[in-house]
1. Restrict the check to segment 361-373 and report whether at least one residue is surrounded by 15 or more Cβ atoms within 10 Å (Cβ to Cβ), free of Cβ contacts under 8 Å to residues at least 40 places away in the same chain and within 21 Å of residue 236 (Cα to Cα).
2. For segment 38-96, enumerate the residues that are in a loop (DSSP other than H, G, I, E, B) and touching a strand residue (DSSP E or B) at 6+ places or on another chain (Cβ under 9 Å).
3. Taking residue 54 as the residue in question, decide whether it is in contact with a helix residue (DSSP H, G or I) (Cβ under 8 Å, 6 or more places away or on another chain) and assigned by TED's automatic domain parsing to the domain that holds residue 140.
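The values are calculated or read from the model by the stated rules, or taken from the named source; none is laboratory data. In this text the structure is predicted, and so the values were computed from the model without any measurement. Every residue, glycine among them, receives a Cβ derived from its backbone with ideal geometry; neighbour counts consider all protein chains shown.
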């Protein structure tokens, strides 16, 4: 009996501890680190970067020597029928002949190879810039998906609070109508608002499901509960507080601009590489070979020869059917296109950083205004409820006030998340967004 009682008390204690334990929730950094290992788009970018880095060794290979070797062995069956000094001769000999040859070529002057070497180094720079941009994009996509889930939760919470408040007003309107203190219109208006709130709740639940799935696509699994943005989280203005400085930095340091700058330089070197089709080439060539075969059809004599040679080889192209000229014109057109794309990338970077800067500055102002508006809306709601109780307001006034509080809460949540995202986008526009920036804003969130 004592053992059973002890076991029962232990079971109750464990149950109480389990009930008291806080539910686990994932923070922004945990979600981001999961995405680093599971996001397929990021993994594809990383593999593309590994492939791009190989352009360097490939370009260098054109300046280094090439060595090739060949070998053969041949079985020979020979028969000789003829006369020798009037005597009829029938002879045959079967033998094996062997040979091998080693060739070395060291380019001394091949202008196209020098250009290709320069292109290889630039293509590595381009690959690194593209991967750095993909890393920044991952941070932004994780933050966007994370914030979208939190906003959907806040929106659903506001919708349900609004629905509950309208439901209370609906019950009150029905009771008041029964006793004859309000008209049927008030009751119908409250019912219409309640039905609308029910429809909004269904949509808000759907939006939350979609937001959670979007985050799962990036992270590779369901992240569960997420840390929420603190109600009094302080959002900081951009530093430096000068849009022009941010624009200048974006035009110079944006990874998109850096990648396109490298692409433009690659295209310029391609023009020189194509023109080099008209230039002569000079190589050092060396050869070593041995050959073993029969000396004659009769007897067992064999012949072994060894060849060693080294020298310079000059090749002068004279006419190739206009191919080189056509490829050069094509390369010039591609260079012009790359230069135009580079200028477009700079203008886009400037526009993007301006939008992000204004998103932060205006977002902070909007958050302050909506904070004040929420306080005013709540005060107005309380006043309308009091007015309804004393008979100077009608139910429609209270319902409108409830709707205003709901809309303001929703807009405030959206403004706060948009401002945070704009801060990250602003740093991404100048190529400085990193994991450290997520670590900096992660303390703004807390477990629900």
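1. yes
2. 62, 63, 64, 65
3. On the way: in contact with a helix residue (DSSP H, G or I) (Cβ under 8 Å, 6 or more places away or on another chain): no; assigned by TED's automatic domain parsing to the domain that holds residue 140: yes.
No.
Yes/no matrix, rows are residues, columns are (1) farther than 22 Å from residue 195 by Cα; (2) in contact with a helix residue (DSSP H, G or I) (Cβ under 8 Å, 6 or more places away or on another chain); (3) free of Cβ contacts under 8 Å to residues at least 60 places away in the same chain:
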{"site": "382", "(1), (2), (3)": "yes, no, yes"}
{"site": "392", "(1), (2), (3)": "yes, no, yes"}
{"site": "398", "(1), (2), (3)": "no, yes, no"}
{"site": "422", "(1), (2), (3)": "yes, yes, no"}
{"site": "429", "(1), (2), (3)": "yes, yes, no"}
{"site": "438", "(1), (2), (3)": "yes, yes, no"}
{"site": "443", "(1), (2), (3)": "yes, no, yes"}
